[in-house]
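The values are calculated or read from the model by the stated rules, or taken from the named source; none is laboratory data. These numbers were taken from a predicted model, which means no experiment stands behind them. For neighbour counting, all protein chains shown are included, and Cβ atoms are generated from backbone atoms with ideal geometry for every residue, glycine included. Note: accessible area is taken over every heavy atom of the protein model, side chains too, but ligands, DNA and RNA are not part of it. Shrake-Rupley method; radii C 1.70, N 1.55, O 1.52, S 1.80 Å.
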Amino acid sequence: MIPRPSRSKPADQQTVIDHLEAATKRLETIEDRQRQLERTVAALARENGTSLGCPCTRCHRSYTLAKSGVIYCPECGYRHTL
């Protein structure tokens, strides 16, 4: 005989829904903060005559910076000329 899956109680379903809603709200907050930080870093780079590039293709831990014809990664030190 094949055991039947137990049916969730409405309270269990509501608990799952509540957890998903809370996780969604936390994720939206984190994404908003990340966008704020990205804009702030880009503005700081512009003020210093530097452009914010793409994620480093070597270490993937930082965005690259471009200044005076050189692109470099502040995390791993990778550099190349434009």
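Computed values, structure above
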{"item": "Estimated FRET transfer efficiency when R0 is 35 angstrom, pair L27-R58 (beta carbons, to 0.05)", "result": "0.75"}
{"item": "5 angstrom amide H check on G53, placed H, neighbours 5+ away", "result": "T64, L65, A66"}
{"item": "Pair V16, E38: separation of 7 Å Cα→Cβ label points (nm)", "result": "3.2"}
{"item": "Solvent exposure of the chain as accessible area per residue, Å², 1.4 Å probe", "result": "88"}
{"item": "D (Stokes-Einstein, µm²/s), Kirkwood Cα radius, the chain, 1.567 mPa s at 4 °C", "result": "78"}
{"item": "For R33, net neighbour charge (Lys/Arg +1, Asp/Glu -1) across residues whose Cβ lies under 15 Å away", "result": "0"}
{"item": "Test item: Cα-centred dipole of the range 29-75, Lys/Arg +1 and Asp/Glu -1 on Cβ, debye", "result": "100"}
{"item": "Leading residue at positive end of dipole, the chain (Cβ point charges), from A42, C76, Y63", "result": "C76"}
{"item": "Y78 long-range amide H proximity, modeled H, under 5 Å", "result": "C73"}
{"item": "C-alpha long axis of helix 10-47 to longest principal axis of the chain, angle in °", "result": "10"}
{"item": "Carbon/sulfur fraction of accessible area - the chain, other protein chains in place, 1.4 Å, %", "result": "55"}
